[in-house]
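Let me begin by presenting the structure, written as structure tokens, before commenting on it.
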Amino acid sequence: MNSLGSIRRSFAPWTDPSAKPYIEFRNVTKRFGDFTAVNDLSLSIYEREFFALLGASGCGKSTLLRMLAGFEEPTSGSIFLDGQDLRGIPPYRRPVNMMFQSYALFPHMTVEQNIAFGLKQDGMAKAEIEQRVTEMLKLVKLSQFAKRKPHQLSGGQRQRVALARAVAKRPKVLLLDEPLGALDKKLREETQFELMDLQQKLGLTFVVVTHDQEEAMTMADRIAILDKGEVMQVATPAEVYEAPGSRFVAGFVGTVNIFEGKVSAREGVAATIMTDGGVIHSENASDATVGSDVAFAIRPEKIKVSSKEPAPGVDNAMQGEVYDIAYLGDMTVYHVKLPNGQVVRASALNAARVTEDPLTWDDTAWISFRPDAGVILTR
Amino acid sequence: MQRAIAALTSRLVIVVPYLWLLAFFLVPFIIVFKISLSTTAIAMPPYEPVITLSNGIGAFFAQFRDLHFDNYAWLGDDPLYMRAYLSSVVIAGISTFLALLIGFPVAYGMARAPATLRPTLLMLVILPFWTSFLIRVYAWIGILKPEGLLNQFLLFTGIIDTPLVILNTHTAIFIGIVYSYLPFMILPLYASLEKMDYSLIEAANDLGCPPISAFWKITFPLTLPGVIAGCLLVFIPAVGEFVIPDLLGGSQTLMIGKTLWNEFFANRDWPVASAVAIILLLLLVVPIMFFQQAQARAQEQGK
């Protein structure tokens with residue numbers, strides 16, 4: 001799976017069996033009354049990793065973060081940080097700092113005093129505090145705003161103060177709760193790269209909670225996808241996208257076409273599936289066994305749409321009619337309706353300004369894809 | 001035209017509170033002030049009329065020459081008044097502080113209670129107002145007197161052998177004032193605590209600040225406007241309080257409200273009583289102005 005996507009990573013301690021996890025959740029369960037927020041969850045995060053917890057609201061991602069910060073204690077199980085069991089250690093003694101979703105800047109203090117707050121708690125010398133604050137202000141490009149109060153700043157500036165305050169103490173781990181949630185789209189995209197830069201520069205371990213899959217894909221080294229308090233998959237962004245482990249993950253990250261069917265034959269990594277729409281040959285059979293119900297998942301950009309019938313012998317071709325067309329500038333998304341009623345999405349990059357094979361509404365169209373373009377999901 | 005009417009209407013709306021202030025504060029103040037400059041007389045009302053128009057314009061202006069501040073000088077000469085003012089301020093101050101000590105944890109608990117429970121708790125705080133103030137103070141006599149409920153209970157449980165003397169002491173006054181004015185302390189405190197963002201405390205903890213220290217560094221400064229409002233709402237009426245020291249404090253208690261009452265009704269010396277009232281007012285206007293300033297400052301801070 002190393003060649004998935006186009007990114008080859010040089011930083012991948014999770015592939016090294018001798019590497020020791022920096023943060024470790026061991027069979028952690030957290031209940032609030034009858035509600036189980038986190039269910040018997042185990043997870044390892046490595047030093048200097050940019051790790052994202054991704055999931056819809058209520059999936060338990062924020063609870064995980066709050067347990068790491070010390071605001072909640074696990075009902076059972078334990079959390080280790082750098083070999084130390086964190087149970088019973090109050091938040092003010094943990095070597096982690098958090099950037100809050102609401103930023104939680106102290107309204108009665110200036111930007112400078114906000115950033116210095118944590119340092120003062122450590123009893124750091126005054127001159128040293130001043131130096132560190134100046135350094136932090138420079139890092140987040142807010143030097144001229146040092147004397148302002150939070151309410152005199154814009155949303156983006158507040159976000160950066162919160163960040164500076166959280167990293168000022170050089171924590172072992174920086175926790176970020178929806179760090180970009182309150183920013184508008186353009187600012188969010190800029191800030192994503194700033195955050196990645198900052199993480200590289202400081203060499204800290206970042207754990208970020210987000211519900212925005214694009215944000216997680218852009219920033220994180222690895223993503224844990226959570227649902228109902230359980231980990232669905234932990235993998236790099238490319239793996240999550242190209243080799244989702246389940247229907248849930250495939251549907252949660254990006255757009256996907258799912259063909260439900262039954263495995264009729266299997267040979268090595270290849271398998272043949274009988275679906276409503278037709279026969280599909282796939283070369284990513286994973287653990288599918290003959291006769292089992294599986295799903296074949298394929299991303300829209302991996303499906304080719306054509307007005308002409310593919311040459312006989314071409315695998316995985318299905319006939320349908322163009323149901324809808326969305327022209328997005330850089331690409332066009334075709335919705336093709338198969339005879340069984342299923343609508344398949346296929347996107348085509350508009351590499352040329354004029355299409356040689358123009359398709360329009362209600363035209364008969366053929367979709368086709370290579371046997372290695374999709375994956376078979378057993379869960 | 002319509003805009004002119006709208007502008008006029010908005011002016012009128014502003015005028016209403018000023019009219020209210022004029023009719024119910026400034027006019028009575030001037031009347032009392034006028035009486036304070038007069039001399040007692042055996043008459044109805046019991047003082048020489050100060051300023052009237054009944055004797056013609058010439059006499060009207062001549063009246064101003066007869067005005068004197070003798071009553072104020074009298075207040076300075078007799079140490080009784082000084083002591084009464086001082087003792088009132090001290091009693092009100094101590095009571096305010098006690099009310100703050102009790103009120104803050106209560107307000108904090110209410111603000112942290114589940115949102116569904118808060119209206120009920122708020123209701124419980126306001127509930128005593130549904131009974132007459134006078135009856136509630138009388139009830140305390142029944143509780144605090146030597147053969148009262150409290151002593152009976154303490155004797156019954158064996159904590160004490162002889163009844164405690166609480167009624168007719170300063171302790172009884174403190175109890176009475178704190179009990180009566182506690183809601184005025186709790187409500188503004190609750191209002192400022194409730195709107196405080198709890199994640200600020202978590203942020204402080206996260207940055208290495210233990211809970212008690214976080215209280216003094218974050219919670220207290222942010223709720224200071226509520227603390228000041230609550231303290232003034234208790235302190236100001238407590239200074240002039242008459243019923244509680246009269247009923248619970250016994251005869252030897254010296255408070256300015258009681259002195260004032262005595263001057264008016266026992267001595268029938270309206271001019272001196274008015275002078276007492278004017279000085280009391282000035283005494284209270286100072287903290288009110290202080291409060292106004294604090295509020296303006298808080299507003300400027302945008303909190």
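Quick look at the numbers
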read-out: Cα pair count fraction exceeding 13 Å, expressed as % - region A:334-379; value: 69
read-out: Tensor-based shape of region B:1-126 (alpha-carbon gyration tensor, a/c under 1.5 rounded, otherwise prolate or oblate); value: oblate
read-out: Cα→Cβ-extended label distance, 7 Å offset, between A:Arg93 and B:Ile94, nm; value: 4.2
read-out: Part-to-part distance (alpha-carbon centres) for region B:167-200 and region A:152-203, which is given in Å; value: 41
read-out: Choice from B:Phe104, B:Phe235, B:Phe60 showing the highest fluctuation, given a GNM over chain B with Cα pairs closer than 10 Å; value: B:Phe60
read-out: For the protein assembly as shown, share of DSSP beta bridges that run antiparallel, in % to the nearest 5; value: 75
read-out: Positive-end residue of A:Ser282, A:Ile367, A:Phe248, charge dipole of region A:241-379 with Cβ unit charges; value: A:Phe248
read-out: Most mobile listed residue (A:Val290, A:Val336, A:Val111) in chain A, GNM with C-alpha springs under 10 Å; value: A:Val290
read-out: Loss of accessible area when B meets A, both sides summed, Å² nearest 100, probe 1.4 Å; value: 1900
read-out: Simple Cβ-charge dipole of the protein assembly as shown, Lys/Arg +1 and Asp/Glu -1, about Cα centre, in debye nearest 20; value: 1440
read-out: Which listed pairs, of A:Lys228/A:Lys337; A:Lys138/B:Lys217; B:Lys145/B:Lys258; A:Lys169/A:Lys201; A:Lys147/A:Lys186, have C-alpha distances above 23 Å, in listed order; value: A:Lys228/A:Lys337; A:Lys138/B:Lys217; A:Lys147/A:Lys186
read-out: Accessible surface, per residue, of region A:145-204 when the full set of protein chains is kept, probe 1.4 Å, Å²; value: 44
read-out: Portion, in percent, of the accessible area of the protein assembly as shown that falls on carbon or sulfur, probe 1.4 Å; value: 60
read-out: Surface accessible to a 1.4 Å probe, per residue, for the residues of chain B, Å²; value: 58
read-out: Gyration tensor (alpha-carbon) shape descriptor, region A:50-128, a/c threshold 1.5; value: oblate
read-out: Chain B, relative contact order [Cα under 8 Å, separation at least 6], %; value: 26
read-out: Alpha-carbon centroid distance for the pair region B:246-268 / region A:319-379, whole angstrom; value: 94
read-out: Shielding by partners - mean other protein chain Cβ count within 10 Å, residues of A:99-112; value: 4
read-out: Tensor-based shape of region A:301-379 (alpha-carbon gyration tensor, a/c under 1.5 rounded, otherwise prolate or oblate); value: rounded
read-out: Cβ-Cβ FRET estimate between A:Ala326 and A:Phe35, R0 fixed at 35 Å, reported to 0.05; value: 0.30
read-out: At R0 = 22 Å, FRET efficiency that the Cβ-Cβ distance of B:Ile42 and B:Ser251 yields, to 0.05; value: 0.20
read-out: Which of B:Thr171, B:Asn205, B:Met289, positive extreme of dipole for chain B (C-beta unit charges); value: B:Asn205
read-out: Approximate shape of chain A as ellipsoid semi-axes (Cα gyration tensor, √5λ), whole Å, largest first; value: 46, 25, 17
read-out: Of every Cα-Cα pair in region A:1-103, the percent that sits beyond 16 Å; value: 63
read-out: R0 of 56 Å, Cβ-Cβ distance A:Glu214-B:Phe69: FRET efficiency to nearest 0.05; value: 0.10
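The values are calculated or read from the model by the stated rules, or taken from the named source; none is laboratory data. Fair warning: this is a prediction, and the values are worked out from it, not measured in the lab. Every residue, glycine as well, gets a Cβ built from its backbone with ideal geometry; the counts of neighbours run over all protein chains shown. Note: areas computed on protein heavy atoms with side chains; ligands, DNA, RNA excluded. Shrake-Rupley method; radii C 1.70, N 1.55, O 1.52, S 1.80 Å.
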